[in-house]
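Everything below concerns the one structure shown next.
The values are calculated or read from the model by the stated rules, or taken from the named source; none is laboratory data. All figures in this text were calculated on a predicted structure; none of them were measured in a lab. Surface areas here come from the heavy atoms of the whole protein model, side chains and all, with no ligands, DNA or RNA. Shrake-Rupley method; radii C 1.70, N 1.55, O 1.52, S 1.80 Å.
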Amino acid sequence: MSREDFTVTPWHVEGNIDYNKLIEQFGTERISEQILDRLEKITGDIHFMLKRGIFFSHRDLNKILDTHEQNNEFFVYTGRGPSGNTHIGHLIPWVLTKWIQDKFHTNVYFQLSDDEKFFANKDITLDMVSRFTYENIIDFIALGFKPHNTKIIINTKNIGNLYPTTCQIAKKINLSNIKAVFGFTNDTNIGMIFYTALQSAPCFIENKPVLIPLGIDQDPHFRITRDVAPKIGKIKPAIIHGMMMPSLMGVNNKMSTSKKNSVIYTTDSPSTVKNKINKYAFSGGQSDIKLHRKKGGDPKIDISYQYLRMFFEPNDSKLKRIHDDYTSGRLLTGELKSIAIEKINNFLEIHQQRRKEAVKYMKEYILQ
Ligand code: TRP
């Protein structure tokens, strides 16, 4: 794979992702200044992940805003494939989901595709997915969602709720659609082939338009859903696409649960975070201090900076100062890492406290 090559599918993300190219390849729309203005007029502010282009692309977001302006409701849907413990990259779409819920007073549905991860990974057992499901749910709740307007769907448990709609959808998808979109072969198990219908089903759980915040790797499923929707008399789901958080190893690696030292988990202790950042976080700095003072660092490829930009430093002027100081060489790599460590640990301290609370109320969220 050359430096320019990248792959983005729901089950495999690799390489140095060119998000502009993805917009073209997937046929989505860029989130324009105009749509940001529109959002700002309605909500009174713009979440930093939108302002900074962490969410950069969409399908039919304008229609969702039309719906809202016509005083009609929409709802929000997102999900998680429980293939491991939650890492900080998973939180990106969930945080935006919470913001949208608060600003637009919407219901939220959160799907745990335990079935999908069981089908997709030959080494994973149903017991393992069920443990990860539990852990992932706790992280989701810890972000502040409340049970009166948030429902969690666990596929293997809530199949009864989903199945009628899943059948409607499945009947309109044929094998060649699925092969064309996902590149499946004759060796692919039939669980995987059917699965898109299940991920689509919550789009129609309420008889209202839906908005789905997600990492752009999940878009292919909903391209299929959008083709099917009019055929079953439903509205096409709208989507807002986020970037993938890079792994500690560098900007051309997505965080992946399967590579332990490439990832910061929501349950990592302060010393683990410190160690991981200091030891593994790819640096955009120069090889020695003298050169760094002279030439400065490159925040674009610096993982500590990228984590601050994508998640941990919401304050724009503070982020700009870090950016400028690093670029000019005033701020050294070690100093930048210390800032990132402190910010991440501050976040995790609160998050881990909230996780303890979340465990107590979990049952109230599960769809009945
Ligand atoms: N397939 C997703 C994953 O592997 C999980 C998921 C289920 C999801 N439903 C979703 C993601 C809706 C985004 C939106 O993580």
task = For every helix of n ≥ 4 consecutive DSSP H residues, a contribution of -39,500 (n - 2.57) applies; sum these over the chain, divide by its total residues, and give [θ] at 222 nm rounded to the nearest 500 deg cm²/dmol.
result = -15000 deg cm²/dmol
Interchain or long-range residues, amide H under 5 Å from ILE31's placed H = SER57, HIS58
query = Where is the GNM fluctuation largest for the chain (alpha-carbon springs, 10 angstrom cutoff): LEU291, LEU332, LEU248?
reply = LEU291
query = Given the C-alpha centroids of the stretch 115-137 and the stretch 229-245, what is the distance between them in whole angstrom?
reply = 25 Å
With every protein chain in place, the chain: carbon and sulfur % of accessible area (1.4 Å) = 50 percent
key: Centre separation in Å (Cα based) which lies between the stretch 334-356 and the stretch 281-310   = 20 Å
Mean separation of Cα contacts under 8 Å, 6 or more apart, over the residue count of the chain: relative contact order % = 20 percent
request  = State in Å² the accessible area per residue of the chain; use a 1.4 Å probe, count heavy atoms of protein chains only, and round to the nearest integer.
outcome  = 47 Å²
query = How high is the relative contact order of the stretch 258-356, given as a whole-number percent (alpha carbon pairs under 8 Å, six or more residues apart)?
reply = 31 percent
Cα gyration tensor shape of the stretch 44-87, rounded if a/c is under 1.5, else prolate or oblate by comparing a/b with b/c = oblate
message = Compute a Gaussian network model of the chain, connecting alpha carbons closer than 10 Å, and tell me which residue from SER262, SER176, SER200 fluctuates the most.
response = SER176
key: Sequence-distant residues sharing a close amide H with GLY250 (under 5 Å, placed H)   = PHE282
inquiry  = Just to check I understand the Karplus step: with θ = phi - 60° and J = 6.51 cos²θ - 1.76 cosθ + 1.60, what whole-Hz values come out for the stretch 39-56, glycine and proline as x?
reply    = 4, 5, 4, 6, 9, x, 7, 10, 4, 4, 5, 7, 4, 8, x, 5, 9, 10
note = Taking placed amide H atoms and a strict 5 Å upper bound, the residues 5 or more places from ILE366 or on another chain that come that close are ILE152
